[in-house]
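To keep things clear, I will list the structure first and then write my remarks on it.
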Number of protein chains: 2
Amino acid sequence: MASQIPDVVIFRLPLYLRILTLLTEENAEVVSSQELGARLWMTPAQIRKDLSYFGKFGKQGKGYNIAQLREELRQILGLNREWCVALIGVGRLGKAILDYGMLALREFNIVAAFDIDPHQIGRNVSGLMIQDLAELADTVKSQGIEICIVAVPPSQVQRAIDCVVDCGIKAILNYAPAAARVPKDVRMQEVDPTLALQTMTYHLKSLSSP
Amino acid sequence: MASQIPDVVIFRLPLYLRILTLLTEENAEVVSSQELGARLWMTPAQIRKDLSYFGKFGKQGKGYNIAQLREELRQILGLNREWCVALIGVGRLGKAILDYGMLALREFNIVAAFDIDPHQIGRNVSGLMIQDLAELADTVKSQGIEICIVAVPPSQVQRAIDCVVDCGIKAILNYAPAAARVPKDVRMQEVDPTLALQTMTYHLKSLSSP
DNA sequence: ACATGTGAAAGTATTCACAGCC
DNA sequence: GGCTGTGAATACTTTCACATGT
């Protein structure tokens, strides 16, 4: 029994969370599905339906208590604790992820970095000593790593991901602009701006020639 | 008549393209929907259905000619020409996008970079002279910019995006981890690793406590 | 009066299964 | 035999609309 809750619903929860955080900063206390929907270009009904998969968080006639709903969503998404993350590949892209704090978010801690290039191994980048990828399995165990970020060159993606999967990792964030296969029990999310750009040009094209 | 072709289909075309490019490198000449499906963890039927929206590209009993299908998809997606792109926000993240060549892809050319910080304006980053955001409208016209990449701090996202929209841009790639609203005729895609991570923790959580 | 939560209805997307062809 | 392209069938999502509660 994996989950009877649709994947699309899970994907929207972080969006709700983001707006709730914004509303918290605006010192709002209560929000209606109407208002949330307006901010996200979604129908109020969809938001209510999504939330109803997890419980009854609202008050009729009033709406949702922002602080409370935010906490509920954090619980549901598993953001009420820290997650240890390893970075695989410390080339240009990997360095950018470390240096520029592209994941600067409380819940996610990059605690180790790996590469296969002997020139990189042993060097210090943003406070992390780069380790040999062969040590991944050991470090995963000793540090409690549960998520890997893969940022290797396209030609090595499959190799890197196979290695990560062999270490028992079940969640991969893949920055490499390349296709890779994982077993069905492993979650892999792609972060590839190229894919996004390519869908946008499709729509732009239709704009110029109707 | 915007498009009777479902959005999900458009989103999958770049995935097909990616595999076709990989197959080209492997010197394959023909591929079946079966094989494509196996590589992408999709059913062959879905791939055939998706492609059938655009025409008949296969040969019964054989499959699809890789080079030809690849070219067709590039045409369909509008990748058979160059696109001029502007970068909005040259802070840490924006610099990483420029420096680390995170968009190193033939079809997309970052031809201008903008900021509002007087300290940044006039400086040279990766061969681009940073301009005042106020000049965006003029540069969009003179350089034929059609896509903007927004990489500003969360607090300024809405302001930056409003400015971009006012300049007539219809496609925005938003790197900022923050919510923003755009008119319905503007396409905005988010590139936010945080959202991806947050959906993964949901599933990891369920793994440890079944 | 206003807003939630939810079955039922409408609308989309995916998969099946087979005719037609190489 | 193998594979495409596609209407029909199934499965999934979203939206509607209203009973229920404040």
Accessible surface of the protein assembly as shown [probe 1.4 Å, protein heavy atoms]: carbon and sulfur percent: 52 percent
Share antiparallel - DSSP beta bridges, the stretch B:49-146, percent rounded to 5: 35 percent
Shielding by partners, peptide B:164-175 (average Cβ within 10 angstrom, other chains): 2
Shape of the stretch B:7-76, Cα gyration tensor, a/c cut at 1.5: rounded
Partner chain coverage, peptide B:187-194 - average Cβ within 10 angstrom: 6
Computed over the protein assembly as shown, Cα set: Rg, Dmax in Å: 22.1, 64
A:Arg92 - accessible surface, heavy atoms, 1.4 Å probe, Å² rounded to 10: 140 Å²
Percentage relative contact order, chain A, counting C-alpha pairs under 8 Å, at least six apart: 13 percent
Span-rule helices in chain A, defined as complete DSSP H runs reaching 27 Å or more along the axis (Cα) with Kyte mean at least 0.5: A:7-25
Largest to smallest accessible area among B:Met129, A:Met42 [probe 1.4 Å]: B:Met129, A:Met42
Label geometry 7 Å along the beta-carbon vector: B:Val111 inter-copy distances in nm: 4.8
Fraction of antiparallel bridges per DSSP, the stretch A:111-210 only, in percent to nearest 5: 15 percent
Fluctuation leader among A:Gln198, A:Gln158, A:Gln143 - chain A, Gaussian network, Cα springs under 10 angstrom: A:Gln198
Over chain B - Rg/Rh using Cα atoms and the Kirkwood inverse-distance radius: 1.03
Percentage relative contact order, the stretch B:36-141, counting C-alpha pairs under 8 Å, at least six apart: 18 percent
Accessible-area value, A:Lys170, 1.4 Å probe, nucleic acids and ligands omitted, Å²: 70 Å²
Nearest beta-carbon to the A/B symmetry axis - residue in chain A, distance in Å: A:Ala96, 2
Using a 7 Å Cα-to-Cβ projection, A:Asn27 label spacings across copies, nm, ascending: 7.0
MRE, 222 nm, helices only [DSSP H, n ≥ 4, -39500 (n - 2.57), over the protein assembly as shown, to nearest 500]: -13000 deg cm²/dmol
Summed buried accessible area for A+B [probe radius 1.4 Å, Å², rounded to 100]: 5900 Å²
Peptide A:179-185, shielding by other chains (average Cβ, 10 Å cutoff): 3
The stretch A:83-195: C-alpha gyration tensor shape, a/c 1.5 cut-off, then a/b vs b/c: rounded
Computed magnitude of the charge dipole of the stretch A:7-77 (debye, nearest 20; Cβ of K, R +1, Cβ of D, E -1): 200 debye
For B:Val30, solvent-accessible area (1.4 Å; no DNA, RNA or ligand), Å²: 60 Å²
Positive-end residue of B:Gly144, A:Tyr16, B:Gly61, charge dipole of the protein assembly as shown with Cβ unit charges: B:Gly61
Within chain B, percent of DSSP bridges classed antiparallel, to nearest 5: 25 percent
Inter-copy spacing of A:Ala134 label points, which lie 7 Å from Cα along Cα→Cβ, given in nm from shortest upward: 6.0
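The values are calculated or read from the model by the stated rules, or taken from the named source; none is laboratory data. This one's a predicted model, so the numbers in the text were calculated from it and none came from an experiment. With ideal geometry, Cβ positions are generated from the backbone for all residues, glycine too; neighbour counts draw on all protein chains shown. Calculation scope for accessible area: heavy atoms of the full protein, side chains included, ligands and nucleic acids excluded. Shrake-Rupley method; radii C 1.70, N 1.55, O 1.52, S 1.80 Å.
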